[in-house]
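Here is the structure we will look at, set down as structure tokens.
The values are calculated or read from the model by the stated rules, or taken from the named source; none is laboratory data. Remember, it's a predicted structure, so these values are computed and weren't measured experimentally. Virtual Cβ from ideal backbone geometry, glycine too; neighbours counted across all protein chains shown. With ligands, DNA and RNA removed, areas are computed over all heavy atoms of the protein, side chains included. Shrake-Rupley method; radii C 1.70, N 1.55, O 1.52, S 1.80 Å.
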Amino acid sequence: MPIKMWLHDMNPSMKFIVVIVSMLTLAWFFNPWTPFLFFIGIILFQAVFSQLNWRLWGLLMIPIAFTAIGYLWTTIVFAADTSGEILFSWNGWTVTDQQWETSLSLAFRVFAFSAMSFMFALTTDPVKFVMSLMQQLRLSPKLAYGVMVGYQFLPVVKEEFTQIRHSHRLRGIGAEKQKWKRIVGIKRLVIPLLSSAVRRAERAAFAMEARGFTGEKREVFYEPISLNIRDGLLSVLLLILLIGCCLAGWRLS
Amino acid sequence: MLKSWKLKEVVLLSVFAVVFAVVYLLFVHVGNIWAGVIGPIAYEWMFGIWFIVSIISAYIIRKPGAALLSETMAAIIEVMIGNAVGPRLILSGIVQGLGAEAAFAATGYKRYDWWVLCLAGIGSAVFSFAYGFFVSGYAALDPSLLAWMFTLRVISGAVIAGLGGKYLSDGLLASGALRGYAISQDSIKHRQVKGEILE
Amino acid sequence: MSNSIIDFNEVSFRFPEDLTPIFTGVSFSIDAGERIVLFGPSGCGKSTLLHLMNRLYPSNCDGILDGSITLFHKDAVSFKPGEINQKIATVFQDPESQFCMPTVEQEMAFTLENFGHISRLEMESRITNTLSTLGLTHLRKATIQTLSGGMKQRVATACALLMEPEVLLLDEPLAHLDPLTARQYVEWLNELQVSKSMTIVVVEHRLDLWGTFFTRAIHVSGSFLTEDNPVSSAVAFPKRSSSMEEEVIFEAHQISISINNQRLLQNISMQLHRGEIAVLAGPNGCGKSTFLKTICGIYNKSEGSINCVGHLPGYVPQSPEHLFVTQRVSDEIRFSNHSSNEQISDIMERLLLDEIQDAHPFSVSHGQKRRVVIGAMLADQRPVLLLDEPTSGQDESALLELFYLLDLQAKEGISILIVTHDMSFAKAIADTIYLMKDGELTGRFDTYHFWNQTALLSDHQLVAPVGDYSYAY
């Protein structure tokens, strides 16, 4: 298998666990270097082990950058810890080096988390992910296939949503500009969607049961999701990157 | 826990999650990237929208685990659809679901009055805030700002998720769609009891 | 020992929410190799019977069952969950809600995995064999969502046949298919039954599309009478006299529309006279619904012009509940506030909405929902009604009700344009037929000169109405 396919082929549950572990580890660090280095590391990791559409990746990062800016200024203005040397002051506001570092750290944390999310999302097939949760992480088949049915309904529900909005347009509603009015108006949209969801859920469940589905654990899988040496190797590499960033961040600040 | 669940109930949780995912995707979220610039407070007042699935599910199905399972399944579906928050959404889904579940468990899964639903919304808010405190680094923020954020989120949980969830479910119940689910069986019993008293 | 494989003996069934049973004292038996139809109007309990045969009931609805059901000479209660489904397989009516996996192959594998202990090699060969016997090999890797309704029903049938069941149950399998697709499915099923010689039990409210398929009919409503070799008869609509007047009240001129850079409609012109009932027909996806939505103003970015006396046309979607925005039928009629109180009460009376005026619009019957929508449109002072697929999935009495309803509106001076695949209905009700294909109108016909043009009909994927469709001719 070409090295550029490795991340795409990685066991989804393994990938999931590594992402969660990295995230929970990064949450302990408030220096700017650890999340920053990890962010760069994840980008390089993807460049080596996956076929990435960088244009799409860039587009996805734009709203993340906005969120990061939001975190940056919020943490500067409302810092809990205002000790340290004053870096600059303006109109009575002061920003200390401690404040600045923490703020940068939280902003970079947003980038690091998102890079991980995109690494997962852009290299993982959603169906294989759920099948893997069932096969490797013992998610109950009842839940796994329940989720699968819902996922299959996604285009149907979207279509129905559009149909309802079209019909509502005929009755002169649905063009409210104010957000609160839209939120109150949700009921008119949601009730018909939910009521056909109830019907569909029952039909789908009956169709599954009529084909012998009991929700018991399964013994044989037609498409087993593999778990092999390469998954271990990628996980170890990611964990080395994580530990490296933690140590480097600790040394650098 | 899953043994007592009918498949149609599990599938219902999942399809509800899809409905709210679609509504959120196509309706609430449109053109909202600027909200990010405002920072973590921007979404606080409508945080309750994220908890509403678990409240509606628990209110309709009335079985232990409804809140937790629905929120978890909703999170898995969001990840499948490609939500930018990614895999960690599943973790926050479980945490929020546990928050609501705690409220229902505290009443022994016997009461589904409006205040219990509000408590469940508050439960989700509290749990999710604790989780955000750790993961999003709220620890670095000024306690007075945190107090504001926390208050907003609790109110949003109680009002949007608790009362809003009841409002939507009651609307759905009135439409007659919930025949065969615990909520409509309970409401029949309720009416029968009332009827006997009147007679 | 008798040859029967399904025996109902004095069976009664009650849903826990209901005070009275849906049926009582039902007895019948089905022999191996029979082709049975359980026949009756909507809501008579025939689907419940089917669910008792494949053991979805009583456990799934906590229903209360009396009497005995014997399947393959064993008490139905003695089967473990999922066990009976290897022998009795089911195909349901809604092609959209029968699948949980993305591709045909994965869906079939899901079915095989359910039964456990089947090795991957065996699964592989069963899938290959089933698909090739059913002539569906080319669909193996297809994404189910992208298939047409008719193909989805075949895939559902393929999944049902994987376990080589002895009985195949079908729950209104044609309800969501257009007549041509439905007929093709019936022919396909016929060949299948001949080659596999299994028992087929169908729940159905319309027999006209099944031809001579069945060897026996059990009439579920009433006394469970049995009829051998039932003949399918078309719905008998009464003769209608046209109420079309001279005055043109609606005119669309050279309508074109593009959505997302795709040309959906091309230069469509149409006139409707006061009191006219017109039918618009054509293959799936040819732009019929788009046209309706354009001329009633849902899509507003079109080229061309629309002239209409008074307000724009009103639209009745296939699911009437999509238009509901209030909690009460009477509020629904009043919603837009375009009519006086006298006009409103007149509409309510004419459409028989008085008795349900306080009901929740979602909780009334399908026919009533449609009347509510029509009432709302009339109260909006809309002189033209557009109906999108009102005939799909309707039983005989519902079709007759629709016939009378539309005829009455036309006599009141309303113009009506109906999109439908049902040519028997069209023949009974229409003054004019419009045909459409690939976003263009391909012809306007008055009904007398239309029905013998078989080539034209099949070119638009339509089936000519058969049999004695009108008792007053």
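Please identify the GluC sites (Glu not before Pro) of the stretch C:1-98 that satisfy two criteria: DSSP loop assignment and at most 15 other Cβ atoms within 10 Å. Which are they?
Taking the stretch C:1-98 and a limit of 15 other Cβ atoms within 10 Å, the loop GluC sites (Glu not before Pro) found are C:Glu17, C:Glu83.
Percent of accessible area on chain B owned by carbon and sulfur, 1.4 Å probe?
70 percent
At 0.36 nm per residue, and after removing the present C-alpha to C-alpha distance, how many nm does the segment from C:Asn129 to C:Lys80 gain when stretched out fully?
14.9 nm
So what's the angle, to the nearest 10 degrees on a 0 to 90 scale, between helix A:179-210 and the longest Cα principal axis of chain A?
Roughly 50 degrees, rounded to the nearest 10.
Could you tell me the ratio Rg/Rh of the stretch C:46-162? Both radii from Cα atoms, Rh via Kirkwood.
1.01
Testing the spin-label approximation: label points 7 Å from Cα along Cα→Cβ at A:Ser226 and C:Glu247. State their distance in nm.
Once both label points are built, they end up 7.6 nm from each other.
Expressed as an acute angle from 0 to 90° and rounded to the nearest 10, what is the orientation of the C-alpha long axis of helix A:12-26 relative to the principal long axis of chain A?
30 degrees
Tell me: how much accessible area in total is hidden between B and A, 1.4 Å probe, Å², nearest 100?
Rounded to the nearest hundred, the buried surface is 6200 Å².
In debye, nearest 20: dipole of the stretch B:66-199 around its Cα centre with unit charges on the Cβ of K, R (+) and D, E (-)?
140 debye
Can you list the GluC sites (Glu not before Pro) in the stretch A:87-181 that are in a DSSP coil and have 13 or fewer other beta carbons within 10 angstrom?
Here the GluC sites (Glu not before Pro) that fit, given the DSSP loop and packing criteria, are A:Glu176.
With the Cα gyration tensor of chain A giving a ≥ b ≥ c as the square roots of its eigenvalues, does the rule (a/c under 1.5 for rounded; else a/b larger than b/c for prolate; else oblate) give rounded, prolate or oblate?
Because a/c hits 1.5 or more and a/b fails to exceed b/c, chain A counts as oblate.
Could you tell me which of A:Trp250, A:Leu238, A:Tyr222 has its Cα farthest along the dipole of the stretch A:192-253 towards the positive end, charges placed at Cβ (Lys, Arg +1; Asp, Glu -1), taken about the Cα centre?
About the Cα centre, the residue reaching furthest to the positive side is A:Trp250.
Enter the mean number of other protein chain beta carbons within 10 Å of the beta carbon of each residue in C:108-118, as an integer.
Mean partner shielding for this stretch: 6.
Relative contact order of the stretch B:7-193, please, whole-number percent, based on alpha carbon pairs below 8 angstrom and at least 6 residues apart.
Here the relative contact order equals 27 percent.
For C:Ser363 and A:Ile173, FRET efficiency with R0 = 22 Å and r from the beta-carbon atoms, rounded to 0.05?
Result of the calculation: an efficiency of 0.55.
Wrap a convex hull around the Cα atoms of chain C, take a quarter of its surface area, and give that in square nanometres.
Its average projected convex-hull area is 24.8 nm².
On a 0 to 90 degree scale, rounded to 10, what angle separates helix A:54-77 from the longest Cα axis of chain A?
Value to nearest ten degrees: 60.
Can you give me the distance in nm between label points at C:Thr143 and C:Asp62, each placed 7 Å from the Cα along the Cα-to-Cβ direction?
That separation, rounded to one decimal, is 4.0 nm.
Which residues of the stretch A:37-79 end up with at least 50 Å² less accessible area in the presence of all protein chains than when their chain stands alone, using a 1.4 Å probe?
Residues meeting the cut-off: A:Phe66, A:Tyr71, A:Thr74, A:Phe78.
Take the residue pairs B:Lys110/B:Lys166; A:Lys158/B:Lys63; A:Lys158/A:Lys187 and return only those whose Cα atoms are more than 23 Å apart.
In this structure, A:Lys158/B:Lys63 exceed 23 Å between Cα atoms.
Using a 1.4 Å probe and counting only protein heavy atoms, how much accessible surface gets buried when C and B come together, both sides summed, in Å² to the nearest 100?
800 Å²
Compute the length gained on full extension between A:Gln51 and A:Leu24: take 0.36 nm times their separation in residues and subtract their Cα-Cα distance, giving the result in nm to one decimal.
Result for the pair: 7.0 nm of gain on full extension.
Given 0.36 nm per residue, what is the gain on full extension from C:Arg120 to C:Val194 after removing their alpha carbon distance, in nm?
Here the segment from C:Arg120 to C:Val194 would lengthen by 23.7 nm.
When the accessible area of the stretch C:409-453 is split by element with a 1.4 Å probe, what percent falls to carbon and sulfur?
43 percent
Do any chymotrypsin sites (Phe, Trp or Tyr not before Pro) in the stretch A:1-68 lie in a loop, going by DSSP, with at most 12 other beta-carbon atoms within 10 Å of their beta carbon, and if so which?
Here the sparse-neighbourhood loop sites are A:Trp28.
Assuming R0 = 56 Å, what is the FRET efficiency of B:Leu2 and C:Leu408, from their Cβ-Cβ distance, to the nearest 0.05?
After rounding, the FRET efficiency stands at 0.55.
Is the protein assembly as shown best put as rounded, prolate or oblate by its Cα gyration tensor, with a ≥ b ≥ c the root eigenvalues, rounded for a/c under 1.5, and otherwise prolate when a/b is larger than b/c, oblate when not?
prolate
Work out the length of the dipole vector of the protein assembly as shown about its Cα centre, built from +1 on the beta-carbon of each Lys and Arg and -1 on the beta-carbon of each Asp and Glu, and round it to the nearest 20 debye.
For the protein assembly as shown, the charge dipole is close to 2280 debye.
Can you give me the Cα centroid spacing of the stretch C:46-76 and the stretch A:63-99 in angstrom?
First find each Cα centre; the distance between them is then 69 Å.
Quick one: which of A:233-241, C:430-438, B:15-23, C:336-344 comes out on top by average Cβ neighbours within 10 Å, and what's the full order, highest first?
B:15-23, C:430-438, A:233-241, C:336-344
Placing unit charges on C-beta atoms (Lys and Arg positive, Asp and Glu negative, everything else neutral), compute the dipole magnitude of chain C about its Cα centre in debye, rounded to 20.
Here chain C has a charge dipole of around 980 debye.
If each of C:Ser256 and C:Ala455 carries a label point 7 Å out from its Cα toward its Cβ, how far apart are those two points in nm?
3.0 nm
Which aspartates and glutamates does C:Lys369 reach when only Cα atoms under 17 Å apart count, and residues fewer than 8 places away in its own chain are ignored?
Partners within reach: C:Glu321, C:Asp331, C:Glu332, C:Glu349, C:Asp354, C:Glu355, C:Asp358, C:Asp380, C:Asp388, C:Glu389, C:Asp395, C:Glu401.
Can you find, among B:Phe20, B:His190, B:Ala42, the residue farthest towards the positive end of the dipole of the stretch B:7-193? Put +1 on the C-beta of Lys and Arg, -1 on that of Asp and Glu.
Value computed over the given set: B:His190.
What order do C:Ser59, C:Ser302 take when sorted by accessible area (1.4 Å probe), most exposed first?
C:Ser59, C:Ser302
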